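First comes the structure, then the notes that go with it.
The values are calculated or read from the model by the stated rules, or taken from the named source; none is laboratory data. None of the values given here were measured: they were computed from a predicted structure. Positions of Cβ are generated from backbone atoms using ideal geometry, with glycine treated the same way; all protein chains shown enter the neighbour counts. Areas reflect the complete protein model, heavy atoms only, side chains present, ligands, DNA and RNA absent. Shrake-Rupley method; radii C 1.70, N 1.55, O 1.52, S 1.80 Å.
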Amino acid sequence: MSKSHRALRLVLGDQLTRGLASLRDCDRVNDIILLCEVSDETSYVRHHQQKLVMILSAMRHFADELRAHGFHVVYVSLDDPDNSGSFMGEVKRAIDTFSPHQIVVTEPGEYRVRQMMEEWQSAFNIPVEIRNDDRFLSSRYDFAAWAEGRKELRMEFFYREMRKKTGLLMEQGKPIGGQWNFDIENRKALPKGHRPPGRLRFSPDAVTQEVVALVTRRFSHHPGSIESFGWPVTRRDALIALDHFIADALPSFGEAQDAMLNDEAFLYHALLSPALNCGLLLPHEVCVAAERAYHEGHAPLNAVEGFIRQIIGWREYVRGLYWLLMPDYARSNALDAHRPLTEFYWSGDTQMACLAASVRHTMEHAYAHHIERLMVLGNFALLAGIAPEDLEAWFLAVYADAYEWVELPNVHGMALYADGGVMASKPYAASGAYIDRMSDFCSSCAFDVKLKLGPKACPFNYLYWDFLDRNGPVLRGNPRLGMPYRTLDKMPPERRQEISKDAARFLSSLADGSVTDSPLSFQKEMW
Ligand SMILES: Cc1cc2nc3c(=O)[nH]c(=O)nc-3n(C[C@H](O)[C@H](O)[C@H](O)COP(=O)(O)OP(=O)(O)OC[C@H]3O[C@@H](n4cnc5c(N)ncnc54)[C@H](O)[C@@H]3O)c2cc1C
Ligand code: SF4
């Protein structure tokens, strides 16, 4: 075989799509498709065990599928004794073995990996073609063009452009229903004891069982349990999961979008992000399926519009921001937050029922829905002043859908306001009243959500005011925070002192690890 006819096509674990840009012109006879499980990637954060199973099993299935279609696949498993442990090492090994004339890749989802790929041309002395990832509906360059010259990069305006561009839910150039956004009809609480349709669980097949054994053997020190694993790991199963969502959950998706229940991790959410983010589903086909459900009268407009906005709005927008602003984006810390991550994010061992349930859902399923991520886990970290890099590492590790391009802007910008307002026009900070309104958590909590101060008071209540007080120099000028600051200013000085005292005591009890955050031990400390 002459060197000049063979391309080496590296496919990453989140690129498991048959029509991937770098596979489209693949020559079945000559080209080599390389997939590799490398320890650099499985261990650079302590990924949840289910996340590892999901990605490794999906990779193995994808390799089998490519082989079945006649492609020449080289698959390097973690247990391969010659595995070098890095992309760089495996690409080098493949070059030495197959002498390709060129490397073809699709752009990766992480800045760090892109930097690495850009060095390969000179490191290996071979042309490297990095192709645009056109599974996304807005390329990095489209987004940069949209952002150019704008004072504010608000998602809502980006989303309207995406609706026009894709034609989704559009009629003669105008949004169907006469509005772009129907959130006013969404965001309702669910009654206690409400039973949503339930999750479609895919039983592990032989390939997945083999990966479960591997992960149990090598990664049992990683967080999360593996028992309830049921994520789709093939294109076929991912399509079944999509059908299930459209048929059973989409009609109530809008109304129930912000609700939280102690005993229900999934509610009416799509559960599609793990499959979407590793390439088993495509964003456009998912939106078309939802749009069809609206036109067929199966799902109401508020639900379908809300769902499509998450995909062509938020999902594309966070990716655009990531590539526009990295690497500086990750370094900002607008609220100067430096508190180390609290231990209970790993163990769930806290008396605060909302946090305990959100961590439990996370550890059981490598999943928690958006509002638990934002308004419980993110909100607490924001109010407590947790260091952005600590919380980011946690979010990147524990969710089956977590890749840096999507995790980082959501945690850094949306949850922690560490970017100073690039992404969110105000911090998503809330007291216990919000959590109480949207969930059934507070009824089983050791703290009392109605109490504002003292050992039994819900910590979110005094932490919220303390957060505003503490961050006044940065946040006071924000017009969207005028009302809470006016309320704060009307409080007598003694009350503000009590708030700050309660917050300081609570936070120091977390920091020194000497007491738990239970109302009783807190009380012991106080009196
Ligand atoms: C602090 C924080 C961290 C997050 N980290 C991740 C992450 O690592 N990976 C990830 O995919 N999503 C992340 N999200 C966004 C969102 O929470 C998840 O996409 C969603 O919970 C996935 O579950 P689902 O498929 O049931 O989604 P649904 O709630 O049913 O939403 C439908 C789809 O919309 C997309 N979507 C919705 N919101 C967002 C968003 N803010 N950003 C990107 N896509 C969105 C997802 O593809 C999702 O599958 C994060 C959000 C927050 C607040
Ligand atoms: S009372 Fe406060 S800490 Fe307890 S569940 Fe409600 S919001 Fe969470």
Would you mind working out the accessible area per residue for segment 1-101, using a 1.4 Å probe, and quoting it in Å²? 38
Cα-based Rg and Dmax for the chain, where Dmax is the largest Cα-Cα distance (Å): 24.1, 83
Straight-line reach from K92: which aspartates and glutamates have Cα under 18 Å away, leaving out those fewer than 8 places along the same chain? D31, E37, D40, E41, D80, D82, E118, E119, E129
Of the accessible area of segment 54-178, computed with a 1.4 Å probe and all protein chains kept, carbon and sulfur make up a percent value of 48
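Percent relative contact order of segment 58-181, based on C-alpha pairs within less than 8 angstrom and at least six residues apart?
On the way: 62 pairs, mean separation 16.6, N = 124.
Computed over segment 58-181, the figure is 13 percent.
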Pairwise FRET efficiency - S122 versus E161, Cβ, R0 = 30 Å, nearest 0.05: 0.20
Residue-span extension gain [D64 to R495] - 0.36 nm each, minus C-alpha spacing: 148.6 nm
Whole Å is fine, so just give me how far the alpha carbon centre of segment 455-494 lies from that of segment 253-280. 32
Let me have the 222 nm mean residue ellipticity of the chain computed from DSSP H runs of 4+ only, each contributing -39500 (n - 2.57), with the sum over all residues rounded to the nearest 500. -13000 deg cm²/dmol
What whole-number distance in Å separates the alpha-carbon centres of segment 106-177 and segment 396-434? 20
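Mean separation of Cα pairs under 8 Å and 6+ residues apart, divided by the residue count of the chain: what relative contact order is that in percent?
Details: 822 pairs, mean separation 82.3, N = 527.
The normalised contact order for the chain reaches 16 percent.
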With label points set 7 Å from each Cα along the Cα-to-Cβ direction at V474 and R112, the distance between them in nm comes to 2.4
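Quick check: with the 1.4 Å probe, what order do S139, S99, S443 take by accessible area, largest first?
Details: S139 20, S99 50, S443 90 Å².
Largest accessible area first, the residues go S443, S99, S139.
State which entries of K452/K501; K164/K426; K151/K490; K151/K188; K188/K450 exceed 24 angstrom in Cα-Cα distance in the structure shown. The partial results should precede the final answer.
Numbers: K452/K501 13 Å; K164/K426 27 Å; K151/K490 33 Å; K151/K188 33 Å; K188/K450 21 Å.
Those over the limit are K164/K426; K151/K490; K151/K188.
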In the full protein assembly as shown, how much of Y428 is accessible to a 1.4 Å probe, in Å² to the nearest 10? 80
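Please report the antiparallel percentage of the DSSP beta bridges confined to the chain, to the nearest 5. Present the calculation step by step, with values, prior to reporting the outcome.
Details: 3 of 21 bridges.
Roughly 15 percent of the DSSP beta bridges within the chain come out antiparallel.
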How much accessible surface area, in Å² rounded to 10, belongs to the heavy atoms of D263 with a 1.4 Å probe? 110
Model label zone, E285; criterion: amide N under 20 Å from point 7 Å along Cα-to-beta-carbon; scope segment 232-275: 232-250, 270-275
By how many nm would the segment from A504 to E171 lengthen if fully extended, with 0.36 nm per residue of separation less the alpha-carbon distance? 114.4 nm
For K174, give me every one of the aspartates and glutamates with a C-alpha distance below 19 angstrom, ignoring sequence neighbours fewer than eight places off in its own chain. E156, E161, D183, E291, E305
Take Y141, project a point 7 Å from its Cα along the Cβ direction, then tell me which residues of segment 13-30 have their backbone nitrogen under 18 Å from it. 21-22
Could you sort T362, T97, T487 by their accessible area in this structure, using a 1.4 Å probe and putting the largest first? T97, T487, T362
Over segment 357-511, what percent of the accessible surface lies on carbon and sulfur atoms, probe 1.4 Å? 55
Cut-off 15 Å, label 7 Å out along Cα→Cβ of D96, residues of segment 43-68 by amide N: none
Need one number: nm distance between label points at A247 and K151, each 7 Å from Cα along Cα→Cβ, rounded to one decimal. 5.1
Order the following by accessible area, largest value first: D237, D142. Probe radius 1.4 Å; ligands, DNA and RNA are ignored. D142, D237
Would you mind computing, in nm to one decimal, how far apart the modelled labels at R236 and D205 are, each placed 7 Å from Cα along Cα→Cβ? 0.5
Projected onto the charge dipole of the chain (unit charges on the beta-carbon of Lys, Arg, Asp and Glu, signs +1, +1, -1, -1), the Cα from L355, A429, H338 with the largest positive-side position is that of A429
Given an 8 Å cut-off on Cα distances and at least 6 residues of separation, report the relative contact order of segment 348-411 as a percent. 28
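Work out how much length Y485 to R437 would gain on full extension: take 0.36 nm times their residue separation and subtract the Cα-Cα distance, in nm to one decimal. Working shown, then result.
On the way: separation 48, 0.36 × 48 = 17.28 nm, distance 2.22 nm.
Gain in length upon complete extension: 15.1 nm.
Using the reciprocal of the averaged 1/r over all distinct C-alpha pairs, how large is the Kirkwood radius of segment 190-289 in Å? It would help to have the intermediate numbers written out before the result.
Values: mean 1/r = 0.0660 Å⁻¹.
Final number for the Kirkwood radius of segment 190-289 is 15.2 Å.
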Let me see the pair-distance distribution of segment 143-219: every alpha carbon pair, 10 Å bin width, integer percents in order. 13, 21, 18, 22, 24, 3
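Return the inverse of the average 1/r over all pairs of distinct C-alpha atoms in segment 328-451, which is the Kirkwood hydrodynamic radius, in Å to one decimal. Walk me through the numbers before you get to the answer.
On the way: mean 1/r = 0.0686 Å⁻¹.
Over segment 328-451, the inverse of the mean reciprocal pair distance is 14.6 Å.
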